[in-house]
Amino acid sequence: MSVQALTQAMLDEADLIDELLELVIEQREAVKADDRELMQDLMKDIQDVFFSVQTQEAQRARLARFLAANLDCEPRLSSLAAAVPDEERALFKGAGDRLGYVVFALKSEMAILNSLIERNERFSAMLLSEWRRLDAGFTRAGGLDFRG
């Protein structure tokens, strides 16, 4: 098992997470624009890419465990980086840093999207409550009479 294979696996996973990040940003914009059709399309695309990310993550984890066993260290970036040959260390750590960055960016974007959705839920609940209150008031009052 080579350091290059694990480095490439990290870069491939980072690329997929980048793709997922772009879709989540598009989804946030669709939520803002209340574009339900686009949101549904994006949810399918996100699900497809998310499956690919999970598959790539499992591959990366498998490679990391195997390399760690060969290098007699833990399957963590810091432990592996300390154990890989000097000539491969910079590229390896760079791939790990890139992966860490895109994971952080995705988590941040998902937090923003979650906040936006929660805000929309609160506004919807508030409006629904107000409409129910008004409807109950009209019902108790006998409704509106539009007769001349």
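Bear in mind that the values in this text are calculations on the coordinates, not laboratory data. In this text the structure is predicted, and so the values were computed from the model without any measurement. Cβ coordinates were reconstructed from backbone atoms using ideal geometry, including for glycine residues, and neighbour counts include every protein chain displayed.
Angle of helix 3-33 to the longest C-alpha principal axis of the chain, folded into 0 to 90 degrees and rounded to 10: 10°. Annotation: extensible slack from E88 through R119 equals 6.5 nm (criterion: 0.36 nm per residue apart, minus Cα-Cα distance). Separation of the stretch 9-53 from the stretch 94-139 is 16 Å, based on Cα centroids. Distance between the modelled labels on S78 and M110, one decimal in nanometres: 2.3 nm (7 Å Cα→Cβ projection). A Förster radius of 41 Å, combined with the Cβ-Cβ distance separating A5 from D35, puts the computed FRET efficiency at roughly 0.50. Relative to the dominant Cα principal axis of the chain, helix 86-140 is inclined by about 10°. With kT/(6 pi eta Rh) evaluated at 37 °C and eta = 0.692 mPa s, and Rh the Kirkwood radius from Cα pairs, the stretch 12-63 diffuses with a coefficient of 285 µm²/s according to Stokes-Einstein.
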